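Participant: Can you keep this structure in mind? I'll have questions shortly.
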């Protein structure tokens, strides 16, 4: 079995699945780790509440370039309703569903 490398880690399950889908449509196999631990929020230490994307070492650079291209789309924006940060490609806040404002505050 080929060695795997961790791409990203964070507590945002929706974003992790979005990135996983993007990478998989590019032909990169992705393993999502830690998803089941998010049910323990409040009970588990914060450092265990991460969702991690893992890819094979041979596809690491390609996957990294794919994720970096997302950041090139534009600046992140803060939702005026719930104050959550959203990626530039999102028209609706991932947290509360509010529409992106024109200014991207």
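Participant: Which condition does residue 73 not pass, out of (1) farther than 26 Å from residue 98 by Cα; (2) more than 12 Å from the chain's Cα centre (by Cα); (3) modelled with pLDDT under 90, if it passes all the others?
Facilitator: The failed condition is (1).
Here is a yes/no grid of residues against (1) surrounded by fewer than 16 Cβ atoms within 10 Å (Cβ to Cβ); (2) within 16 Å of the chain's Cα centre (by Cα); (3) modelled with pLDDT of 75 or more; (4) over 22 Å from residue 100 (Cα atoms):
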residue: 25; (1), (2), (3), (4): yes, yes, yes, yes
residue: 28; (1), (2), (3), (4): no, yes, yes, yes
residue: 35; (1), (2), (3), (4): yes, yes, yes, yes
residue: 45; (1), (2), (3), (4): yes, no, no, yes
residue: 52; (1), (2), (3), (4): yes, yes, yes, yes
residue: 55; (1), (2), (3), (4): no, yes, yes, yes
residue: 69; (1), (2), (3), (4): yes, yes, yes, no
residue: 86; (1), (2), (3), (4): no, yes, yes, no
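Participant: Within the set of pairs 6+ apart or on separate chains, which have a first residue in the range 56-72 that is part of a helix (DSSP H, G or I), a second that is surrounded by fewer than 11 Cβ atoms within 10 Å (Cβ to Cβ) and at pLDDT below 90, and C-beta atoms under 6 Å apart?
Facilitator: Close Cβ pairs (under 6 Å, with a partner that is surrounded by fewer than 11 Cβ atoms within 10 Å (Cβ to Cβ) and at pLDDT below 90) amount to 57/3.
The values are calculated or read from the model by the stated rules, or taken from the named source; none is laboratory data. This structure is a prediction, so every number in the text was calculated from the model and none was measured. All Cβ positions, glycine included, derive from the backbone under ideal geometry; neighbour counts span all protein chains shown.
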